[in-house]
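What follows is calculated from the coordinates using simple rules that are stated; it is not laboratory data. Computed from a prediction, not measured in an experiment: that's the story for all the values here. Cβ sites come from the backbone with ideal geometry, for glycine too, and all protein chains shown count toward neighbours.
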Amino acid sequence: MPKWSRRKFLGNSLKGTAGLLTVSVLPLGLAACSKDDKPKDVSSMANLGPLSELERGEFPKKVNYKVTYKDAWVTQEEEGFVYINKKKDGNLLIMAPICTHLGCTVPEADETLKKEGVYFKCPCHDGQYDENGINVAGPPPRPFDVYEAVIQDGNLYISVFDRIKREKS
């Protein structure tokens with residue numbers, strides 16, 4: 001029977017703990033380093049159109065969409081629109097036209113307000129937003145929510161059910 005000392009016990013315990021930690025963290029590290037080149041499933045996402053066309057023209061712009069998705073055993077179709085603007089870094093900012101006050105659909109402001117820097121105006125409670133969807137007047141507590149863009153086969157897709165909440169900066 002081997003004689004165990006306190007030093008040997010602590011050393012073996014430390015080695016065992018380090019080994020377990022390495023084995024449990026290794027898959028996470030490998031997953032973070034792997035390149036995911038698989039195409040995403042865009043079948044239930046809204047196709048906003050070819051990226052090359054969306055990057056041209058005047059900004060901000062209104063872009064309509066139609067999406068068909070399956071909810072359990074029912075297939076549904078939804079139509080809507082988003083506002084798109086170009087950020088300073090050249091990327092597109094895709095904004096949900098939903099007022100962050102009470103959820104109204106927000107139309108574009110008239111030309112007089114646009115000259116004052118208000119591009120979107122909620123008709124219900126006078127919520128006002130600038131060209132980047134930042135709330136500038138009225139009761140809205142924060143900017144428009146935005147969507148993450150998925151680019152596949154030259155087209156830009158969004159998941160209309162996955163809005164990203166923005167806070168006022």
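Can you find, within the stretch 145-161, the residue that is surrounded by the most Cβ atoms within 10 Å (Cβ to Cβ) among those that are acidic (Asp, Glu) and more than 15 Å from residue 44 (Cβ to Cβ)?
Of all residues in the stretch 145-161, those acidic (Asp, Glu) come to 145, 148, 153.
Those left that are additionally more than 15 Å from residue 44 (Cβ to Cβ): 145, 153.
Working: 145: 17, 153: 10.
Among them, the one singled out is 145.
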Worksheet item: Quick check: is even one residue across the stretch 114-131 within 18 Å of residue 45 (Cα to Cα), surrounded by 11 or more Cβ atoms within 10 Å (Cβ to Cβ) and touching a helix residue (DSSP H, G or I) at 6+ places or on another chain (Cβ under 9 Å)?
Response: no
Discussion item. Any residue at all in the stretch 64-84 that's within 21 Å of residue 41 (Cα to Cα), of a type in the set (D, E, K, R) and surrounded by 15 or more Cβ atoms within 10 Å (Cβ to Cβ)?
Written reply: no
Discussion item. Tell me yes or no: at least one residue of the stretch 73-85 is out of contact with any helix residue (DSSP H, G or I) (no Cβ under 8 Å at 6 or more places or on another chain), more than 13 Å from residue 146 (Cα to Cα) and among the hydrophobic types (A, V, I, L, M, F, W, C).
Written reply: yes
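Are any residues in the stretch 132-151 part of a strand (DSSP E or B) and out of contact with any helix residue (DSSP H, G or I) (no Cβ under 7 Å at 6 or more places or on another chain), and if so, which ones?
Of the residues in the stretch 132-151, the ones part of a strand (DSSP E or B) are 135-137, 146, 150-151.
Selection gives 135, 136, 137, 146, 150.
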